[in-house]
Amino acid sequence: MDLIEILESLKLGKLTISQAKKMLSIYSIEKIEDFAKLDVGRKLRRGIPEVIFAEKKQLAEIKKIMLTAINRSGSVLVSRIDKNDYEKILSFSKKNKIKTIVGKNTTSVVFFKNPTHCSGGRIGILTAGTSDIGVAEEARLMCEAMGCTCISSYDVGIAGLHRVFPIMKKMIKEEVDAIIVVAGMEGALPSIVSSLTDIPVIGVPSSVGYGYGEKGIAALASMLQSCTLGLSVVNIDNGIGAGAIAANIANRSKRKRSTF
């Protein structure tokens, strides 16, 4: 019995409240052999799809989790697939008639049965440099998995600050609900973007950089020390987390707009 069937049975009196409660508690977690426990109610509860962090996982384990998640909730985002397994996973999905959304410069993929319903939420995504694109694409994949439309523009960092103004003008005109900004090196771009608009900005420090403050440390510190209000910050290279936050903001904003 899936969630809808349980609720319908309860409504029709085929199940008692205690029986429905027991079945719902079972429904909320699905154990996959002895290595994984899926929170299958997450998408209904939070609007966020199941995410498989593929690093250090065996290919066979990823496939089993993928199929279970898709059968339960219709979609799953697999993050950071090993390069040696990437094509194998795509072939596996094709063989099982699972649709995909892939990204640039990243081995993260969204797998789904049916196209995600468009929520009406709109997200802007910027990167300071081309080296930041992979992280930004992970954010885009999460946003699209949550039903949002993305407006992306890459390589608009402060080394040529004039590049950011045309795309900022477009994002403001399109009334995006949140803006994700990925930057490495000194990580200054998110502060500048948040100083130009009242739109919530999510800064993502990327691990691009070398020497003192390398591997994203300087970018993270810069964003955390920003004097520009309206900027929030996630961990280094956490495009997935930034996408989830931005899409939650956008989807809640859309629901509020729809009530007026």
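Here's the yes/no breakdown for (1) closer than 19 Å to residue 227 by Cα; (2) touching a Leu at 6+ places or on another chain (Cβ under 8 Å); (3) not in a helix (DSSP H, G or I):
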{"site": "115", "(1), (2), (3)": "no, no, yes"}
{"site": "124", "(1), (2), (3)": "no, no, yes"}
{"site": "134", "(1), (2), (3)": "no, no, no"}
{"site": "160", "(1), (2), (3)": "no, no, no"}
{"site": "164", "(1), (2), (3)": "no, yes, no"}
{"site": "187", "(1), (2), (3)": "yes, yes, yes"}
{"site": "191", "(1), (2), (3)": "yes, yes, no"}
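Taken over the stretch 49-77, the residue count meeting the criterion of being of a type in the set (A, V, I, L, M) and either farther than 20 Å from residue 146 by Cβ or surrounded by fewer than 19 Cβ atoms within 10 Å (Cβ to Cβ) (or both) is 4. Being in contact (Cβ under 8 Å) with a residue 24 or more places away in the chain and within 26 Å of residue 64 (Cα to Cα) is true for just one of 176, 201, 110, 181. Which residue is that? Only one candidate qualifies: 110. Checking the stated criteria, residue 239 turns out to be among the small types (Gly, Ala, Ser), buried (at least 16 other Cβ atoms within 10 Å of the Cβ) and not assigned by TED's automatic domain parsing to the domain that holds residue 108. Within the stretch 226-236, restricting attention to residues that are at pLDDT 95 or above and not in a strand (DSSP E or B), the residue that is surrounded by the fewest Cβ atoms within 10 Å (Cβ to Cβ) is 235.
Here residue 142 does not qualify as under 25 Å from residue 82 (Cα atoms), buried (at least 23 other Cβ atoms within 10 Å of the Cβ), out of contact with any strand residue (DSSP E or B) (no Cβ under 8 Å at 6 or more places or on another chain) and touching a residue at least 12 places away in the same chain (Cβ under 8 Å). Just to verify a result, which residue in the stretch 201-213, among those that are modelled with pLDDT of 95 or more and in a loop (DSSP other than H, G, I, E, B), is surrounded by the fewest Cβ atoms within 10 Å (Cβ to Cβ)? The selected residue is 207. The single condition among (1) under 23 Å from residue 227 (Cα atoms); (2) more than 22 Å from the chain's Cα centre (by Cα); (3) among the small types (Gly, Ala, Ser) that residue 211 does not meet is (1). The set of residues in the stretch 78-111 being on the phi > 0 side of the Ramachandran plot and either hydroxyl-bearing (Ser, Thr, Tyr) or loosely packed, with under 13 Cβ neighbours inside 10 Å (or both) consists of 97 alone.
The values are calculated or read from the model by the stated rules, or taken from the named source; none is laboratory data. All figures in this text were calculated on a predicted structure; none of them were measured in a lab. Note that we place each Cβ from the backbone using ideal geometry, even for glycine, and neighbour counts take in every protein chain shown.
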